[in-house]
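Q: Before we start, here is the structure in question, set down as structure tokens.
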Amino acid sequence: MGCVGTLQQSCRDFSKWAAAIAATFLVASVITPPCDAQSTQVGGQAGSPWAQYLNKYPGLLPEFGRLVDKLQKNIQFPAARGQSRLLPLLPASTMSYSAFPNYGDAVHQAVDIFRTELQESSVLRDWWKDGEQATYGPKVLDSLEKLYEVHQYLGEEIVVSGAMEGPEPKLLVVAEVRKPGLKKFLQGMLTQLGGNQGLDVRVLDLKELATAGNVPSHLLYVLVRPDFVVAASDLATLRRFNAQLDRDSREFASTPFGHRVLQEYEGGVTILAAADLHKILTQTAPGAEQNASLQRSGFADMKYLIWEHKSVGGRTVAQAELSFSAARHGAASWLAKSGPLSSLDFVSRNAILAGTIVFANPPQVFDDLKELMSTPTSNPFANLEQLEHGLKLSLKDDLLRYLAGELTVEIDDITPAAPVWKTILKVNDASRLQQTLNMLLAVGNLKAQHFDENGITYYTVRVPSSKAVMEIGYAFVDGHLIVGSSREVVAEAVRLHATGESLGKSKTFLASLPPGHSLEASALFYQDPIAMTALRLRQVAPEMAESLLQLSRGATPAVFCLYGEENAIREASSNGTFDVGAVLVVAAVAIPNLLRSKIAANEASAVGMIRTMNTAEVVYAATYPQRGYSLDLATLGPDSRKPTAYSFDHAGLIDESLGNESCTANAWCTRSGYRFRLTGICKKQSCTEYVAIGTPVNSNTGRRSFCSTSDGVIRTKTSSPLTGPLSVAECKAWPPL
């Protein structure tokens with residue numbers, strides 16, 4: 001059933017490895033072998049719990065493989081959509097958009113196939129009736145059937161949109177209504193799921209919407225009309241959109257963002273998501289310092305982020321586009337324009353992970369980093385000039401200028417005791433770069449042993465470490481610097497390059513590239529998910545690892561590519577295992593909610609810190625009655641010189657992150673987006689009162705300040721961040737939280 005949320009062709013492409021992964025997770029995660037199983041050997045040997053468990057159900061893994069193969073071959077997924085009847089109806093203020101097909105029929109087909117397999121397979125049936133799955137499995141199937149029943153009332157597309165109106169994000173979920181009876185069905189389902197208690201959902205019709213009162217505890221309001229069903233997070237948003245539907249307004253389609261999203265339907269899409277980043281950045285209004293950093297980075301010019309799943313040449317492809325309103329600059333321009341990735345000619349076909357990126361100009365990247373990371377109060381590059389002077393070399397002129405910008409990292413084995421890796425860099429001047437390396441090795445008191453073979457000089461450097469001596473090999477070949485976990489690894493890379501047996505020449509790898517794209521890109525990420533999973537499993541359950549590899553033979557690896565253009569960065573992937581575009585769009589669509597959630601988390605943390613300060617003050621006053629309350633946070637914290645020695649000067653009642661010696665009564669201490677201050681009200685050596693304060697660092701980290709005194713009541717006020725302390729009377733004038 002892992003295919004239900006994916007596309008038809010994508011599932012077919014990965015039928016074998018999906019089956020294996022399904023088997024792995026169903027056995028390894030859902031079902032836990034008995035904890036008291038006797039094991040005489042470590043890992044997956046004959047006496048291990050895993051072996052005992054698998055022996056209990058002989059043939060279970062192959063059965064899972066056949067099950068998932070049938071799911072992927074027999075499920076009919078929704079067809080691509082060439083237009084949207086819902087998009088034009090959305091508000092003009094929409095700045096995030098997601099559209100999904102109605103997967104109800106596909107869910108129903110999956111459940112039917114699974115139930116049929118249970119009847120026909122005694123192995124699956126025995127497994128299904130045993131352990132936790134006997135209790136929770138039927139509930140999962142019932143939930144999927146409920147999902148199918150809901151979707152029978154809905155049209156072919158479901159749209160989720162978001163907008164910022166004031167400080168709170170506004171969410172809308174819209175679908176067409178296919179047949180009557182939806183309201184009654186939803187109310188019955190909510191009652192069955194829990195009597196509508198704790199679900200915080202209210203279902204309304206048009207008449208009830210007109211008279212409904214806003215209930216703060218409700219997280220979702222659902223309006224069922226004869227033509228549409230609409231869900232919103234508040235009644236005001238729901239009423240405005242209902243009135244817009246009555247007017248048959250087509251506002252969103254006439255906006256530049258709406259027009260851009262409509263273009264993606266041409267040629268057919270299955271899943272589509274988009275974000276108006278320019279509007280999001282404008283609405284969220286970062287502080288002056290953050291805005292200046294954003295401008296310097298070049299990402300202040302972001303315009304739209306679009307992500308889609310569609311079919312190209314009979315194959316499913318995920319594509320994304322991050323567009324800019326002007327030519328890319330700053331950090332946004334670090335990614336070079338597309339070109340041949342020659343370093344892949346040194347990568348092994350046995351790699352479990354490989355990533356390549358091409359920087360447009362490494363020295364410029366270095367300059368941009370210095371500018372972006374340096375602030376009036378912090379400069380991580382402050383000591384660089386002195387360091388370079390001591391080394392008698394320039395990082396920019398003696399190292400970065402000799403790099404062509406292409407960097408590849410390969411991992412073949414992640415075993416902690418002996419990891420196997422390679423790094424390949426394309427270079428401009430190998431001889432000058434070798435001179436720089438010699439200087440750096442000399443500074444580190446390291447020597448490079450070398451020997452020649454077939455006209456190539458190999459270098460080996462032994463680096464002492466706390467556990468064992470680590471050996472690193474490197475060589476310069478055809479304009480590339482190959483660095484590896486050993487000389488043998490480097491020699492193998494050179495052999496692959498010479499014989500054409502590298503990953504870059506692999507037919508399987510080339511066939512896994514996104515349709516319509518060659519091996520010319522700005523960045524590429526390759527992953528063999530089966531090999532990586534099996535490698536980990538070998539350490540705990542070798543029998544499962546071997547079964548996984550057998551079921552996954554011929555599986556397609558995961559590949560995604562980035563393509564740099566003057567005003568855009570594009571992404572494409574033909575494999576659903578890893579899709580950076582999807583991740584980026586989900587993040588962009590969620591930005592308004594994420595910002596609000598982050599603020600809420602910061603505020604909750606601040607309240608917790610005020611409560612901690614109150615508790616610590618009560619304990620301090622009881623422990624040192626002659627002192628009363630503490631003078632400041634530093635007094636409540638530990639002594640940095642003697643962390644386990646407690647006294648009235650360093651009581652050790654709060655941790656050093658907030659109770660360090662710099663957190664005096666006259667200083668703010670920062671934690672989780674808030675600044676804190678504790679001021680004791682003292683006469684001579686005794687403090688009879690105190691004021692604890694938590695205030696946001698800026699308007700982007702919180703909107704409320706908090707305070708408390710010896711009465712233990714936490715009070716709050718929505719205002720600009722505080723710049724100074726409060727008196728006891730000022731704090732008590734604030735309303736209680």
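Q: Taking the Cβ of Leu446 as the centre, find all other residues whose Cβ is under 12 Å away and add up their charges (Lys, Arg: +1; Asp, Glu: -1).
A: Summing Lys and Arg as +1 and Asp and Glu as -1 gives +1.
Q: Now a separate question. Using label points projected 7 Å from each Cα along Cα→Cβ, tell me how many nm separate Glu730 and Ala568, to one decimal.
A: Here the answer is 5.4 nm between the modelled labels.
Q: By its C-alpha gyration tensor, with a ≥ b ≥ c as the square roots of the eigenvalues, how is segment 346-521 shaped: rounded for a/c under 1.5, else prolate for a/b larger than b/c, else oblate?
A: Verdict is oblate for segment 346-521.
Q: With a sphere of radius 10 Å drawn around the Cβ of Gly484, what net charge do the other residues whose Cβ falls strictly inside it have (Lys, Arg +1; Asp, Glu -1)?
A: Here the charged neighbours net out to -3.
Q: Please report the spacing between the Cα centers of segment 205-257 and segment 640-666 in Å, no decimals.
A: Using only Cα atoms to place each centre, the spacing works out to 54 Å.
Q: Quick one: of Lys396/Lys422; Lys56/Lys139; Lys146/Lys179; Lys73/Lys310; Lys70/Lys179, which pairs are farther than 22 Å apart, Cα to Cα?
A: Over 22 Å Cα-Cα: Lys396/Lys422; Lys56/Lys139; Lys70/Lys179.
Q: Turning to a different aspect of this structure: Residue separation times 0.36 nm, minus the C-alpha to C-alpha distance between Gln364 and Tyr57: what's the value?
A: 104.5 nm
Q: Same structure, new question: Straight-line reach from Lys717: which lysines have a Cα under 25 Å away, not including same-chain ones fewer than 8 places off?
A: Lys170, Lys598, Lys732
Q: Neighbour counts of other C-beta atoms within 10 Å: give me Val483, Val559 arranged from fewest to most.
A: Val483, Val559
Q: Let me ask something else. How long are the three semi-axes of the equivalent ellipsoid for segment 600-732, computed from the Cα gyration tensor as the root of 5 times each eigenvalue, in whole Å, largest first?
A: 24, 16, 12
Q: Follow-up question, since we're still on this one. Compute the Cα gyration tensor for segment 67-203, then decide on rounded, prolate or oblate, letting a ≥ b ≥ c be the square roots of its eigenvalues: rounded whenever a/c is under 1.5, prolate when a/b is larger than b/c in the other cases, and oblate in all that remain.
A: Prolate is the answer for segment 67-203, as a/c is 1.5 or above and a/b outweighs b/c.
Q: Still on this model: At 4 °C and 1.567 mPa s, what whole-number value in µm²/s does Stokes-Einstein give for the translational diffusion of segment 327-369, with Rh from the Kirkwood sum over Cα pairs?
A: D, rounded to a whole number, is 106 µm²/s.
Q: What is the order of Phe560, Phe359, fewest Cβ neighbours within 10 Å to most?
A: Ordered by Cβ neighbours within 10 Å, fewest first: Phe359, Phe560.
Q: Another question, if that's okay. How much net charge surrounds Gln192 when only the other residues with a Cβ under 11 Å from the Cβ of Gln192 are counted, with Lys and Arg +1 and Asp and Glu -1?
A: Residues close to Gln192 contribute a combined charge of 0.
Q: For each of Lys129, Lys396, Lys179, Lys170, count neighbouring Cβ atoms within 10 Å of the residue's Cβ, then give the residues from fewest to most.
A: Neighbour counts put them in this order, fewest first: Lys179, Lys129, Lys396, Lys170.
Q: Okay, moving on. Given the C-alpha centroids of segment 421-475 and segment 292-317, what is the distance between them in whole angstrom?
A: 39 Å
Every number in this text was worked out from the coordinates using simple rules, so none of it is lab data. Fair warning: this is a prediction, and the values are worked out from it, not measured in the lab. No Cβ is skipped: glycine too gets one built from the backbone with ideal geometry, and neighbour counts run over all protein chains shown.
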